[in-house]
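The values are calculated or read from the model by the stated rules, or taken from the named source; none is laboratory data. Note that the structure is predicted; figures quoted are calculated from it, not measured. Virtual Cβ from ideal backbone geometry, glycine too; neighbours counted across all protein chains shown. The area values use the complete protein model at the heavy-atom level, side chains included, leaving out ligands, DNA and RNA. Shrake-Rupley method; radii C 1.70, N 1.55, O 1.52, S 1.80 Å.
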Amino acid sequence: MQSFLLTIVTPEKKVFEQQIRSIIAPGSEGYLGILAHHAPLITSLIPGKLTIRDNQNQEFIYAISGGFLEVAGNKVTILADAIEKVEEIDIARAKRAEERAREILESRKRDQVEFTRAQAALERALNRIRVYNGHNHQNK
């Protein structure tokens, strides 16, 4: 099977750079699969599960909080707002973040900016929990 170069970067660092066989990413219009020699594409990404399969058929699972994906030539670049390997997700921290966000959303003493931030925080926390739980149920 043919491969392509995948590079994932966040505002802080380069997270991943390797020749791979495929990715499945949470696009704004639904999940999309990318293989070698895919047509040029730029799309926004939403919070979800990012699945990468390398040339040895090993699978890597990440929780991505959003960003952009670009396919050009035989290269894919993901500019991620934040991304975390499923094995590195601190589930207790994600659950605390979910609780805090829900408290703010239920509070009547919040402004629109705080409400918008809390909604985004809740979405990120729930995504991390879903990806973590989905991965750990598959591996039991």
Using helices alone, what [θ] at 222 nm do you get for the chain, with -39,500 (n - 2.57) per DSSP H run of 4 or more residues, divided over all residues and rounded to the nearest 500? -10500 deg cm²/dmol
Return the aspartates and glutamates within reach of K14: Cα separation strictly under 17 angstrom, same-chain partners fewer than 8 residues apart disregarded; answer none if there are no such residues. E70, D81, E84, E88
For the range 56-140: lysine pairs with Cα atoms under 24 Å, gap of 8 or more or different chains, count? 5
Please calculate how many Å² of accessible area the chain carries per residue, with a 1.4 Å probe and no DNA, RNA or ligand atoms counted. 61
For the chain, percent of DSSP beta bridges that are antiparallel (nearest 5) comes out at 90
Tell me, Kirkwood radius of the chain from alpha-carbon pair distances, in Å? 16.0
Give me the percent of the accessible area of the range 1-52 that comes from carbon and sulfur atoms, probe 1.4 Å, all protein chains in place. 56
Answer rounded, prolate or oblate for the range 2-46, using the Cα gyration tensor with square roots of eigenvalues a ≥ b ≥ c: rounded when a/c is under 1.5, else prolate when a/b is larger than b/c, else oblate. oblate
Evaluate the charge dipole of the chain about its Cα centre and quote only its size in Debye, nearest 20, assuming +1 on the Cβ of each Lys and Arg and -1 on the Cβ of each Asp and Glu. 260
Using alpha-carbon positions, the gyration tensor of the range 53-133 gives root eigenvalues a ≥ b ≥ c; with a/c under 1.5 called rounded, otherwise prolate if a/b exceeds b/c, else oblate, the class is oblate
Please say if the range 29-92 is rounded, prolate or oblate, where rounded means a/c under 1.5 for a ≥ b ≥ c the square roots of the C-alpha gyration tensor eigenvalues, and otherwise the choice is prolate for a/b larger than b/c and oblate otherwise? oblate
